[in-house]
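The values are calculated or read from the model by the stated rules, or taken from the named source; none is laboratory data. Given the structure is predicted, the values throughout are model-derived calculations rather than measurements. Quick reminder, even Gly has a Cβ in these numbers, built from the backbone with ideal geometry, and neighbours come from all protein chains shown. Just so you know, the surface numbers come from the protein's heavy atoms only, side chains and all, with ligands and any DNA or RNA stripped out. Shrake-Rupley method; radii C 1.70, N 1.55, O 1.52, S 1.80 Å.
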Amino acid sequence: MFLLAIALFLWFWFSLPSPLFRTATSTVLEDKSGKLLAARIAEDGQWRFPSNKNASLKFITCLIQFEDRSYFEHKGVDPFAFVRAMIQNIKAKRVVSGGSTISMQVIRLSRKGQSRTFFEKFIEISLATRLELSYSKFEILALYSSNAPFGSNVVGLDAASWRYFGREPSKLSWAESATLAVLPNAPSLIYPGKNQERLLKKRNRLLDRLVLEGIIDKETCELSKQEPLPQKPHAIPQIAPHLLQRAAKEGYKGQRVLSTIDGLLQERLNEIIENHHKTLRANEIHNAAAIVLEVSTGNVLAYVGNTQNEKSSYENDVDCINAPRSTGSILKPFLFASMLNDGELLPTTLIPDIPTQIAGYAPQNYNMTFDGAVPAKRALARSLNIPAVRMLQTYGIEKFNYKLKKLGMTTLRFSPDHYGLSVILGGAEGKLWDITGMYASMARTLNNYTKYNGKYVASDFHAPNYEFKKTQEQSDLENNSVLDAASIFLTFEAMVEVSRPDEEAGWRQFNSAGKIAWKTGTSFGFRDGWAIGVTPTHVVGVWVGNADGEGRPGLTGIQTAAPIMFDIFSVLKANKWFNRPYDEMEQVAICHQSGSRATDICEPVDTLWIQKNGLRTEPCKYHRLVHLDESGQYRVNSDCEDVSKMKHVSWFVLPPAIEWYYKSNNTSYKELPPMRSDCETQSLSAMEIIYPKQFSKIYVPVELDGKMGKTVFQVAHRKASKMIYWHLDGVFVGTTQNNHQLDLAPDEGIHLLTLVDEEGESLIQKFEIVSKKK
């Protein structure tokens, strides 16, 4: 008998399943205050939200009065309710009441599909008693509220409240709470839209009961009875559907996700995106995405993964924030900052902007023009392609690829050689998620450098985060970072410049209450438009295009993405600009014309704040001491002029190819005076071949007639009026004057180009012609 008692006790104690409910649940996304942003139906086709421990007080009150008025007095089973039910059933000569407590109903819900027998009733009684030993009364109420059926495919109070009344349970009225309290009693017979009279009678009887119990007054009761019953289910809010979709894919399927989203900002972003979408779709541009990050934490404040379209063919289910797309020019600031950080550049350093061909790769500026040379920060502000490619060639493809990965770019899956120099112009794909996070990490590093008195937080470079409780823990302070504070500050300063080239028609001046560092990008073929904006508190990222990759005329970052970005910033609070990190900077003399560190012969000279690593950059190489005769009109040397009669002048001299384009854009540029006729020619080169470069391979298409196409060869001469004599493989082929270009059609193979000007200076260069057919 003792062993039997022990066995029964053990059975009783371990009889309660854990967890009690194993049914599939909906994936639910909430903003940082707990407001519903979006939800998706459970795998079994039911709207069943994950268990909510905080049931509505009005609903609980109504439920207890309707189902189990002695709920807080019994321990899972109410003998008096059983007797009352038995009497009612005998009088009615059928089962009209089961006498089940709320605890017993929780057990019955967990054992769905079981037949209604006396043995099953005994099991329910036993398990209900056991349930009361492990769960508090309020926990049991929460279990009931989360798993009770409310008609159709709606399960649980949360889902029912949203489906039938379009609001969260805590905001339900007494009438609405009473309606939901009576539904689980007979969900298959009574549900909104059908059997309205029976549902109304049940609800009103419950309201009368609340008056009798002194819970509500008669006036509240009468007003509640005037409220209409729900007629048809409401759609579940879908304020952030793509973030919900992402959360489900990243391991939160069937869970309630409390996010970092600011609900009001999210709704505002939805409006901004849709307002612009109305204009964009007139040009057959159907997709756009935007994200807002909080700089201090990296938390996502708003996440609009795509536009809303009635036609599914526009792929609006695609989360464009997390989709790899061609980056266009959006990576250029990272190269600029990296070169500053590594001491290979100053913001003012002149970068060549001339026709360029590197191993068969010939980048072009958007406007198809050349400046000759341009300061690095202006090249960044104007998004010039040729200077960017030349900077990357200097910095190194492998080093830049490594740096991008360190900064947080996750889409570089191939070797650096696979991308080549084109990576800086969109040759690689990037995610709006990663790139916005990288800019936020830069801003965070700069802020924390000031906050922690010249120290760096090792964990500052991290991916964005959308989980409310998953905040990045601060790591130890360090003396170094992926990018130093001064390089970041100077990069952001360069990005503040809002002037854009003339060809970007449609540009307008955007007014903002505060400074914004920003950059746009446009991919090849007008397939992607990017815009990223940075302030000390927020980073806004925008992508515009077609999810299927179709390009459209006018689909540029400046025309499509930038207006959206600035509209978003207009709803964000303006803040002060970043503090200048003086401890990481030095005030030095900079050559006004070359932008390099000044030498003794540089004039004029500017005094500028640069990054300390900038002290390693090469000093000015373009200023040289020139010896002039007394008239100042001719260069001379000691072989033809007395030294005492010479004027020694510092002169800004650019290489011929750079000078050729630079002087047409800079009227203040003074060409080097000619040598006096009686003086020997000095070693300063007067000519430079622009195209092709030494040992270049030129791919030439074969024409329809089977002959090789022609190639345009180009040379720069300091004195364009000089005559140049052209020779190909030792054979004279022509002369040029003023405009030194010549169309030639060499055969396949290696050739020797020889140029001689009228003063006898010569240039010799080898190149190879490769048939496109080959």
Roughly how many Å² of Thr711 are accessible to a 1.4 Å probe, to the nearest 10? 10 Å²
Computed FRET efficiency, Cβ-Cβ of Thr735 and Ile764, R0 22 Å: what is it to the nearest 0.05? 0.80
If you average the alpha carbon positions of segment 562-628 and of segment 143-192, how far apart do those two centres end up, in angstrom? 65 Å
Specify which residue in the list Gly632, Leu654, Val542 is farthest towards the positive end of the charge dipole of segment 526-672, using unit charges on the beta carbon of Lys, Arg (+1) and Asp, Glu (-1), about the Cα centre. Val542
With every protein chain left in place and a probe of 1.4 Å, what is the accessible surface of Glu671, to the nearest 10 Å²? 70 Å²
If amide H atoms are modeled at 1.01 Å from N in the peptide plane, then the residues at a separation of 5 or more from Val626, or on another chain, having amide H under 5 Å from its own are Val649, Ser650, Trp651
Estimated dipole of segment 328-465 in Debye, rounded to 20 [Cβ of Lys and Arg +1, of Asp and Glu -1, Cα centre]: 400 debye
Simple spin-label model, 7 Å along Cα-to-Cβ: Gln694 to Tyr402 in nm? 2.8 nm
Using a simple charge model, +1 on the beta-carbon of Lys and Arg, -1 on the beta-carbon of Asp and Glu, nothing else, what dipole does segment 567-710 show about its Cα centre, in debye to the nearest 20? 620 debye
Given charges at beta-carbon only (K, R positive; D, E negative), |dipole| of the chain in Debye: 4460 debye
Among the listed pairs Lys278/Lys573; Lys406/Lys693; Lys670/Lys719, give every one whose C-alpha distance is greater than 23 Å. Lys278/Lys573; Lys406/Lys693
Lysines near Lys469 by alpha-carbon distance under 22 Å, same-chain residues fewer than 8 away left out - which ones? Lys32, Lys35, Lys53, Lys249, Lys253
Accessible area of His234, 1.4 Å probe, to the nearest 10 Å²? 80 Å²
Sort Lys253, Lys53, Lys719 by heavy-atom solvent-accessible area, probe 1.4 angstrom, most to least. Lys53, Lys253, Lys719
If I measure Cβ to Cβ between cysteines in the chain, which ones have no partner under 4.7 Å? Cys62, Cys221, Cys320
Please name which of Val605, Pro347, Leu180 has its Cα lying farthest along the dipole of the chain towards the positive end, using unit charges on Cβ (Lys, Arg +1; Asp, Glu -1) and the Cα centre as origin. Leu180
Three-way shape call for segment 105-251 based on the alpha-carbon gyration tensor, with the a/c threshold at 1.5: oblate
Can you give the FRET efficiency for His462 and Glu222, using 1/(1 + (r/R0)^6), R0 = 51 Å, r = Cβ-Cβ distance, to the nearest 0.05? 0.30
Projected onto the charge dipole of the chain (unit charges on the beta-carbon of Lys, Arg, Asp and Glu, signs +1, +1, -1, -1), the Cα from Val77, Ala160, Ala288 with the largest positive-side position is that of Val77
Shape category assigned to the chain from the gyration tensor of Cα positions, a/c cut at 1.5: prolate
